[in-house]
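One structure below.
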Amino acid sequence: MGVSEKLNNREVFPKANWFSGERYDKTSELAINKQVRKLVLLMRCIEESGRMPLDKTERCVVRAFEKAEMLYYGLTTAELKELIESEERNVKGRKGNK
């Protein structure tokens with residue numbers, strides 16, 4: 001079950017805390033936490049700006065997760081590496097244009 005399905009089914013905080021005591025790779029956990037904080041901040045900014053109410057923003061996020069999962073989960077290791085390298089080149093290119 002992907003993240004989008006869990007979010008869509010509201011299984012993010014199930015009654016049985018199935019993830020309690022689970023250990024994570026610290027580097028991965030820090031990277032995920034950083035990106036999630038940015039996403040939640042963006043969601044609140046969208047709400048506060050009056051562009052969309054929070055419930056609609058949340059549904060938009062679920063759809064975005066679903067699209068990203070369909071796009072990336074099906075990639076082979078080689079395709080994923082190629083995509084990451086392309087993103088790294090884009091970041092370097094943007095830094096060089098500042």
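The values are calculated or read from the model by the stated rules, or taken from the named source; none is laboratory data. Being a predicted model, the structure only gives us computed values, none of them experimental. Don't worry about glycine lacking a Cβ; one is built from the backbone with ideal geometry, like all the others, and counts go over all protein chains shown.
Considering only region 53-82, state which residues are more than 20 Å from residue 39 (Cβ to Cβ), of a type outside the set (Gly, Ala, Ser) and assigned to a helix (DSSP H, G or I). Within region 53-82, 77, 79, 80, 81, 82 qualify.
Counting the residues of region 1-43 that are part of a helix (DSSP H, G or I), surrounded by fewer than 10 Cβ atoms within 10 Å (Cβ to Cβ) and at pLDDT below 95 gives 0. Scanning region 52-98 for residues that are touching a residue at least 60 places away in the same chain (Cβ under 8 Å) and touching a helix residue (DSSP H, G or I) at 6+ places or on another chain (Cβ under 6 Å) returns 65, 66, 69. Within the set of pairs 6 or more residues apart or between chains, which connect a residue that is free of Cβ contacts under 8 Å to residues at least 12 places away in the same chain inside region 22-50 to a residue that is β-branched (Val, Ile, Thr) with Cβ atoms less than 8 Å apart? What qualifies is 46/57; 47/57.
Only one residue in 58, 66, 88, 82 is surrounded by 10 or more Cβ atoms within 10 Å (Cβ to Cβ) and modelled with pLDDT of 95 or more. Which one? Matching residue, one of 58, 66, 88, 82: 82.
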